[in-house]
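Trainee: The structure that follows is given in the form of C-alpha cells.
The values are calculated or read from the model by the stated rules, or taken from the named source; none is laboratory data. Keep in mind the model is a prediction, meaning the values are calculated, not measured. Positions of Cβ are generated from backbone atoms using ideal geometry, with glycine treated the same way; all protein chains shown enter the neighbour counts. When the accessible area is computed, the model is the full protein with side chains, heavy atoms only, and any ligands, DNA or RNA have been set aside. Shrake-Rupley method; radii C 1.70, N 1.55, O 1.52, S 1.80 Å.
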Amino acid sequence: MRVLTHCLSFGKPRSLIGLWLGLTGLLTAIALLSLLYGAGDVGPARAWQALQNLGTAASYDSEARFVTAELRAPRLWIGLVVGAALGIAGALLQAVTRNPLAEPGLLGVSAGAAFAVTLAILWGADAATLRVSVAQLGALGGCLCVLAAARLQGIGNDPVRLILAGAILSGLLHSLSSLILLYDQYTADEIRFWVVGSLAGRQLDDLVPLFPSLAVAALLTVILARPLAALALGEHVAIGLGHHPRIVRLLVIVVVALLVGGATAAAGPIAFVGLVVPFAARALAGPDIRRTLWLCLPLGPIVVVSADIVSRLVVPPSELPLGVLTALIGAPVLIGVVRGRRLPTL
Amino acid sequence: MTQEAFISTSADHDSAPDIATQGLSLAYGNVSVIEELELRLPGGQVTAIVGPNGCGKSTLLSGMSRLLKPRAGTVLLDGADIQRLPSRQLAKRLALLPQQPHAPEALTVAELVRFGRHPHQSWLRQWSPEDKRGVDEALELTGLTTLAERPVDALSGGQRQRAWIAMAIAQQTSTLLLDEPTSALDLGHQVEVYELIRSLTTTGKTIVMVIHDLIGACRYADHLIAMHQGRILAEGPPHETVTTDLVRRLYGVDCTLMTDPATGAPLLTNVRRTRDALDGSAT
C-alpha cells in the first residue's frame, strides 16, 4: 500500500512505471485479502495468524492453516495466472481485429475451448495435461471460425457485427456442450462446475501443465508487441514500416489461443475479463498496445482475484461461480462501450 | 521561387535513387489494371502521377511499394528488385504514406513519428540516440516540434498530414511514396503539405505522389506522369507535358492553357466539358 500511495503522488499521471508499480501494489493488497477472507468460518484474524505462522513447523490452528495454505492460496495463484492470461489475450485480440469489443469470451474463443474439453472428457480423457492442449486447440478453432466469419464482406469493418458472429458461435458451442452434458452423466459430473468458470476446488498442480505454453505465449507476445503496435496505424502503414501483418496476425491468434485455452483449462470459461481489463488499461495508459499489455499484467489478476473474493462473500456459505460474477460486472461495461457516442478506434 | 529554380536545386542530387518498372503488370484478382508498364522516374525529384479516377495510378503506387505483388515484371529501386529485398531493408530505403491513414485515438505526434524508426530497430535494440535524432529532425523539418506532445486527432488536417509525413521522414529513406497526400484537405492545408513536400527534395529525397489535383501537380512537381486506363499517355516536366489535348484525353474536358506568370507552371483555365466526351471519344 505504501508503494501505491507513493505512486499516486507522482506528478505525471501517464508515467507507465508509476502506474505499473501502483497497480502491482494494489494487486498485492488484493491478493492478501483473498487469503484472509473466504466463505468458510476461518475469519481474517485466524487466517492472518495462520499466515504468520506458516514458516514455523508447528501450528496451533491447523484448520486455519489448511484453509489458507491449501484452499485459498492455490486459487489465488490460479486467479493471478488466469487473470493475466485473459487480460493479455483480450488486449491482443482487440489489437489484431482492431475492434475494442473483441473479447475471447464474446468471440467464441472460450466457448471453443470449453466445447473441446467437453468432447475430450466425453471420449474418456481426464489428464490435466491433455485438457490444456485440447482447450488450446479448441480455442484456436473458435478463434479461426469467428475470424473467418469476420472476413466475409462487411462484417470485418463493423465491431458490433463481429461480436454478433462471435455470439452466434458461442451460443452454438454452449448448446452443443449442454447437449452432451444432458446425455452423459459422467461428463456432466466431471465438468459441471468447471464449465461455468470458477477458481474453487483448484489445486496448484492444475497450473503446472500450463507453464510451457504460457512461456511460449509470453515470449511471442514480447516479440509481437512492436509490429502489433504498428498494425494499429493500418495494414499499409505497417507494411511500409517493414512489418509482415499476415504473419503477425496469425501468430497473435496462436498466442490468444494458448492463453485463453490455458486459462479456460484451469478455470473454465470466464467471460468479460478480456473486455474490461484492456479497456481499463487503455483508459490509463493510452492506445499503444505495448503500454496496454504492461498494464494488463497487473490489471487482469486484480479483476479476477477481486471478483473471486466477492464471489465467496455474496452468498455465504455458498459461492457464486466466478464466471457468473465477471459476467455481471462485464455486461454493463460492454453495454456502456457499445452505447458510447462512438466506439474507440484501435 | 520559379519552377526552373526547383529543378536546378533538385538536379544537384545525382546520387538520389530512381525507380523503374520493367514489364510491370498489376491486377486485383482477375481484373488486370496495368499491363507491361515500362517506366522510369527521375531520382531526387518530385514526380506526380495524375489521371482520372480508376486509371490505375494508386494501383501503380501500390505496386511500387510492394503492397501489391506484381502479376508479372519487376519494380526496380536503384536497380534492385523490390520483391527480392527483405521487408525491413526495403523499409529503410522506401517510405510509404497510404491514402488518409488513421491514427489511433490519443496517439501523440511524437509517438506517431517514433513508429518511423521501426525499420531501424529490432526488439533487442529498441531505442537508440540515433532514433531520437531521426525523430527530432523529422519533427523539425515538418515544423511540428512544438506540437510533438499533442494528440494527432486534435490537429488540423494539414498538421495531421504533416505528422504522417514526419513519420515517413523519420524512416530516413531516400524515396518517399505518397498516395493522395492532399485530397482531403482544403486549399490552405493543401499548400501547407505541398510546400513541405517541395522542401523535402532539398534533402535529396526522391518523391512520388499520386494526386487528383492536376493544377497542384503542375505547380509543385518536377516530373509529371499522366495515366489513363492503365497506360501512360504522357510524361515529362509539367510545362512540356501538359497540353489541352492531353487534358481532354485524360478527363474529357476542354480548357485554356496559360503559363502562371509567377511560377512558370502550366495553368488550366476555363475548364468545361468536351462536347463529344459522352460518346467515348475521350478515350
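Trainee: Kindly identify residues of region A:235-255 having a loss of at least 20 Å² in accessible area between the isolated chain and the assembly of all protein chains, probe radius 1.4 Å.
Mentor: Those residues are A:His236, A:Val237, A:Ile239, A:Gly240, A:Leu241, A:Gly242, A:His244.
Trainee: Separation between the B:Ser32 and B:Glu195 pseudo-spin-labels, each 7 Å from Cα along Cα→Cβ, expressed in nm?
Mentor: Computed distance between label sites B:Ser32 and B:Glu195 equals 4.6 nm.
Trainee: With a 1.4 Å probe and every protein chain kept in, tell me what percent of the accessible surface of chain B is carbon plus sulfur.
Mentor: Heavy-atom surface of chain B belonging to carbon and sulfur, 1.4 Å probe: 50 percent.
Trainee: Put +1 on the Cβ of every Lys and Arg and -1 on every Asp and Glu Cβ in the protein assembly as shown; which of B:Gly44, A:Pro287, A:Phe115 then has its Cα farthest towards the positive end of the dipole?
Mentor: Going by the Cα projections, it comes out as A:Phe115.
Trainee: Need the C-alpha centroid separation for region A:48-115 versus region B:220-264, integer Å.
Mentor: Cα centroid to Cα centroid, the span is 67 Å.
Trainee: Which of the listed residues, B:Gly216, B:Ala138, B:Thr21, is farthest toward the dipole's positive end in the protein assembly as shown, when Lys, Arg count +1 and Asp, Glu count -1 at the beta-carbon?
Mentor: B:Ala138
Trainee: Work out the length of the dipole vector of region B:170-227 about its Cα centre, built from +1 on the beta-carbon of each Lys and Arg and -1 on the beta-carbon of each Asp and Glu, and round it to the nearest 20 debye.
Mentor: 220 debye
Trainee: Taking the Cβ-Cβ separation of B:Thr243 and A:Leu119 as r and a Förster radius of 56 Å, what is the calculated FRET efficiency to the nearest 0.05?
Mentor: It comes to 0.20.
Trainee: Could you run the numbers on buried accessible area between A and B, total for both chains, 1.4 angstrom probe, in Å² to the nearest 100?
Mentor: 2200 Å²
Trainee: Oh, and also: Between 0 and 90 degrees, rounded to the nearest ten: what's the tilt of helix B:157-170 against the longest Cα principal axis of chain B?
Mentor: For helix B:157-170, the angle is close to 60 degrees.
Trainee: Which of the trypsin sites (Lys or Arg not before Pro) found in region B:76-151 are loop residues per DSSP with 16 or fewer other Cβ atoms within 10 Å of their Cβ?
Mentor: B:Arg84, B:Arg125
Trainee: 7 Å from Cα along Cα→Cβ at both B:Gln22 and B:Ala72: what's the point-to-point distance in nm?
Mentor: 1.5 nm
Trainee: What accessible area per residue, rounded to a whole number of Å², is obtained for the protein assembly as shown using a probe radius of 1.4 Å?
Mentor: I get 44 Å² per residue for the protein assembly as shown.
Trainee: Cut-off 20 Å, label point 7 angstrom out along Cα-to-Cβ of A:Ile247: give me the residues of region B:108-133 whose amide nitrogen falls inside.
Mentor: B:116-126
Trainee: Per-residue accessible area for A:Ile30 at 1.4 Å probe radius, Å² rounded to 10?
Mentor: Approximately 20 Å² for this residue.
Trainee: Taking region B:112-189, which chymotrypsin sites (Phe, Trp or Tyr not before Pro) meet the DSSP loop condition and have no more than 13 other C-beta atoms within 10 Å?
Mentor: For chymotrypsin sites (Phe, Trp or Tyr not before Pro) across region B:112-189 that sit outside H, G, I, E and B with at most 13 neighbouring Cβ atoms in 10 Å, the list reads B:Trp123, B:Trp127.
Trainee: With r as the distance between the Cβ atoms of B:Val253 and A:Leu16 and R0 = 60 Å, compute the FRET efficiency 1/(1 + (r/R0)^6) and round to 0.05.
Mentor: Efficiency at R0 = 60 Å is approximately 0.60.
Trainee: Shifting gears a bit: Give, as a single signed number, the net charge of other residues whose beta carbon lies under 9 Å from the beta carbon of A:Ser34, with Lys and Arg counted +1 and Asp and Glu -1.
Mentor: Computed value for this residue: +2.
Trainee: A follow-up question, please. Given charges of +1 on the Cβ of Lys and Arg and -1 on the Cβ of Asp and Glu, with all other atoms neutral, how large is the dipole of region A:79-335 about its Cα centre, in debye to the nearest 20?
Mentor: So the dipole magnitude of region A:79-335 works out to roughly 780 debye.
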